[in-house]
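**Q** For reference, the structure I am asking about is given below.
Bear in mind these aren't lab numbers, they're just calculated from the coordinates by the rules spelled out. Fair warning: this is a prediction, and the values are worked out from it, not measured in the lab. Cβ sites come from the backbone with ideal geometry, for glycine too, and all protein chains shown count toward neighbours.
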Protein chains: 2
Amino acid sequence: MNSSVEKDGQFVNLEAVAGGMPPEEALYDLAELFRAFGDTTRIKILSALSLSELCVADIAELLSMSQPAISHQLRVLRQARLVRVTRRGRSSIYALDDEHVRTIFDQGFRHVRHITPEGGENHG
Amino acid sequence: MNSSVEKDGQFVNLEAVAGGMPPEEALYDLAELFRAFGDTTRIKILSALSLSELCVADIAELLSMSQPAISHQLRVLRQARLVRVTRRGRSSIYALDDEHVRTIFDQGFRHVRHITPEGGENHG
DNA sequence: TCGATATATGCTTATATGCTCATATAATTA
DNA sequence: TAATTATATGAGCATATAAGCATATATCGA
């Protein structure tokens, strides 16, 4: 059985692992999703939107960043379907797309807090 | 009250939002966490490790990638505390660091499936 | 100790990404 | 329509990052 490789006394069936993994495209989409979360500016935007719907100018003011910089990042968030936008007058009002986004955000936050609770480093 | 800005008939209190957001450092850590998830190679590694502990060579074979490429990414995952490593003989056995990692991974997967169910593209 | 095996790490290059500046598009009002 | 306001977008630059190659480190066996 060439699918089982002995490694220091334990057996690992690589084919079983390969077979249990989701299809390549799904994993690509997943990485793309997390990549959208993986930037400080975008995380700040999502954090703000988890508290209130906001227009572009407000987000820019809140983060002390330029309007184009915010618009560029909002586009990334839109393409990743993490936020949705509705025009109201001259403004574009942005909001979290759905509760999944909040859940992923909160789950990540819990992980970070677990690793470094209360600002201290807790490796172990 | 300069903290409330009227926007097309609705009031948004920017200071309230600013006050409700986590400290800058926490948001930076959070982005860093998601950035570690935000690469196809690393997602594949995590997906594999969610099924079984694996040594470096097995991961390289599983993903059809070079050993140094895998080692480089494993280092990123280690630094983000998403995986832990234990030496067993000549091999380094990698595993998911804790259940939080699996939870974040699964939650993201549910989101992706929700957006594009059954492998089809569902772009609104 | 020497050789073989397994993994980790520098260094380098190609590519990706975030931001700025300038400008285009869209919506409101005179 | 023209002017104003709000947002979106394109080009370009500076930086970050993933992977390749070569090599260092570590462990085991003879």
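**Q** Enumerate the amide H contacts of B:SER92 below 5 Å, restricted to partners 5 or more residues apart or on another chain; note that Pro and chain-start residues carry no placed amide H.
**A** Residues meeting the amide H criterion: B:VAL56.
**Q** Further question: What order do you get for A:HIS111, B:HIS100 when you list them from fewest to most C-beta neighbours inside 10 Å?
**A** Values: A:HIS111 23, B:HIS100 19.
Ascending Cβ contact count within 10 Å gives the list B:HIS100, A:HIS111.
**Q** Averaged across the residues of A:53-59, what count of C-beta atoms belonging to other chains lies within 10 Å of each residue's C-beta? Kindly include the intermediate steps, with their values, before the conclusion.
**A** Numbers: counts 3, 4, 5, 0, 2, 5, 2.
Across A:53-59, the average partner-chain Cβ count within 10 Å equals 3.
**Q** Next question. Summing Lys, Arg as +1 and Asp, Glu as -1, what charge do residues with Cβ under 11 Å from the Cβ of B:GLN73 carry, B:GLN73 excluded?
**A** Values: positive: B:ARG42, B:LYS44, B:ARG75, B:ARG78; negative: B:ASP39.
Overall, the nearby charge balance is +3.
**Q** Counting only other chains, what is the mean number of Cβ atoms within 10 angstrom of the Cβ of each residue in peptide A:67-79?
**A** Working: counts 0, 0, 0, 0, 0, 0, 0, 0, 0, 0, 0, 0, 1.
Average per residue, whole number: 0.
**Q** I want the local charge near B:THR40. Using Cβ-Cβ distances under 14 Å, sum +1 for each Lys or Arg and -1 for each Asp or Glu among the other residues.
**A** Working: positive: A:ARG35, B:ARG35, B:ARG42, B:LYS44; negative: A:GLU24, A:GLU25, A:ASP29, A:GLU32, B:ASP39.
Residues near B:THR40 contribute -1 overall.
**Q** Give, as a single signed number, the net charge of other residues whose beta carbon lies under 13 Å from the beta carbon of A:THR103, with Lys and Arg counted +1 and Asp and Glu -1.
**A** Working: positive: A:ARG102, A:ARG110, B:ARG110; negative: A:ASP97, A:ASP98, A:GLU99, A:ASP106, B:ASP106.
My count for the surroundings of A:THR103 gives -2.
**Q** Still on this model: Apply the Karplus curve 6.51 cos²θ - 1.76 cosθ + 1.60, θ = phi - 60°, to the phi angles in segment B:93-103 and return the couplings in whole Hz, x for Gly and Pro.
**A** 9, 9, 8, 4, 5, 7, 6, 3, 4, 4, 4
**Q** Write down Rg/Rh for segment B:12-124, rounded to two decimals, with Rg from the C-alpha atoms and Rh from the Kirkwood relation over Cα pairs.
**A** So for segment B:12-124, dividing Rg by the Kirkwood Rh gives 1.09.
**Q** Counting other C-beta atoms within 10 Å, and keeping those with at most 15, which DSSP coil trypsin sites (Lys or Arg not before Pro) do you find in segment B:72-105? Intermediate results must be reported in sequence, preceding the final value.
**A** Working: sites: B:ARG75, B:ARG78, B:ARG81, B:ARG84, B:ARG87, B:ARG88, B:ARG90, B:ARG102; in loops: B:ARG81, B:ARG90.
Sparse-neighbourhood loop trypsin sites (Lys or Arg not before Pro): B:ARG90.
**Q** For peptide B:35-45, how many partner chain Cβ atoms fall within 10 Å of a residue's Cβ, on average? Intermediate values should be presented prior to the final figure.
**A** Numbers: counts 7, 2, 9, 10, 5, 8, 2, 2, 11, 7, 0.
Across B:35-45, the average partner-chain Cβ count within 10 Å equals 6.
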